[in-house]
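Notes follow the structure.
The values are calculated or read from the model by the stated rules, or taken from the named source; none is laboratory data. This one's a predicted model, so the numbers in the text were calculated from it and none came from an experiment. Neighbour counts are summed over all protein chains in view; Cβ atoms, including those assigned to glycine, are modelled from backbone coordinates with ideal geometry.
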Amino acid sequence: MGDDVQIGRMVRDVRLARNLRQQDVAAGAGVGRETVSRLERGLIDGMTVGNLRAVSRALQMPAIVNVGWRSPEVERLRDARHAALVEAVARLLGELGWQMVPEFTFSEFGERGSVDGLAWHPVHRALLIAEIKTRIWDLQDMLSTLDRKRRLVPALMRREHGWRAESLGVVLTMREKSTHRHLIERHSATFRGALPDRQIEVRRWLEKPSGNLRGIWFLPDSRQTDLRKRGRGVTGSTRLERGG
């Protein structure tokens, strides 16, 4: 991946962390929204240093033309978003009677990895392997990694914890965002083969697991949920999303 694309993605990460729209950044920088859009897509050629610095100031970050800043800040932002998503998954699964073990690591015959969200339902004797993503960088690598976990983890849990699963769920979990939906649409054939079950089937299985499941589970965007709560004056935890 080229440096320009990496820079663009990092700029987008910072913008989203600041809860800003592209038009907000453009207005603050005194540039057109298309300039911000091109920057986030890594199309930096032809942009002036002045515009890049203006976007930097609008985002309250060091100058884009001096990119040495990016790794620590961006990694902190990504880690915080991932941790928040894992916490949301744990909370929702807990409401449904699941026992979750976050960040389960394993090493088996030279194959190593970790499971973002590993959960056990003692009543239904079901095991859930949740791949929790804030963004998918490499689709084929992600699916290959998930398949390895599906092969190895059930036997490991049976041996280490005595969890003899009668049902197994493998779920890709992401926030409900248009970019995630578009990704799945663009690779619809791949996802149909690897993770054919969708929101309704996943929801029903999580509530009463029976048989095996491979699917995609979208969680409500936390910012949208907060806005809805403030608008209704509602407090308390969110139930499993009912959207299809």
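Yes or no, residue by residue, for (1) within 18 Å of F104 (Cβ to Cβ); (2) surrounded by fewer than 17 Cβ atoms within 10 Å (Cβ to Cβ); (3) touching a strand residue (DSSP E or B) at 6+ places or on another chain (Cβ under 7 Å):
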{"residue": "G162", "(1), (2), (3)": "yes, yes, no"}
{"residue": "A165", "(1), (2), (3)": "yes, no, yes"}
{"residue": "L172", "(1), (2), (3)": "yes, no, yes"}
{"residue": "R175", "(1), (2), (3)": "no, no, yes"}
{"residue": "R181", "(1), (2), (3)": "no, yes, no"}
{"residue": "E185", "(1), (2), (3)": "no, yes, no"}
{"residue": "S188", "(1), (2), (3)": "no, yes, no"}
{"residue": "R192", "(1), (2), (3)": "no, yes, no"}
{"residue": "L195", "(1), (2), (3)": "no, no, yes"}
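Only residues that are of a type in the set (F, W, Y) and either on the phi > 0 side of the Ramachandran plot or at pLDDT below 90 (or both): list them for the range 110-137, please.
Across the range 110-137, the qualifying residue is only W137.
With the structure loaded, tell me whether R15 is surrounded by fewer than 17 Cβ atoms within 10 Å (Cβ to Cβ) and at pLDDT 85 or above or whether it fails that test.
In short, no.
Quick one: would you say V65 is within 18 Å of I216 (Cβ to Cβ) and either at pLDDT 85 or above or in contact with a helix residue (DSSP H, G or I) (Cβ under 9 Å, 6 or more places away or on another chain) (or both)?
no
Output the number of the condition that A80 fails; it satisfies all remaining conditions of (1) at pLDDT below 90; (2) under 16 Å from the mean Cα position of the chain (by Cα); (3) surrounded by 14 or more Cβ atoms within 10 Å (Cβ to Cβ); (4) not in a strand (DSSP E or B).
So A80 meets the others, but not (3).
Mind checking whether some residue in the range 120-136 is surrounded by 14 or more Cβ atoms within 10 Å (Cβ to Cβ) and of a type in the set (S, T, N, Q)?
Yes; the residues of the range 120-136 include at least one that is surrounded by 14 or more Cβ atoms within 10 Å (Cβ to Cβ) and of a type in the set (S, T, N, Q).
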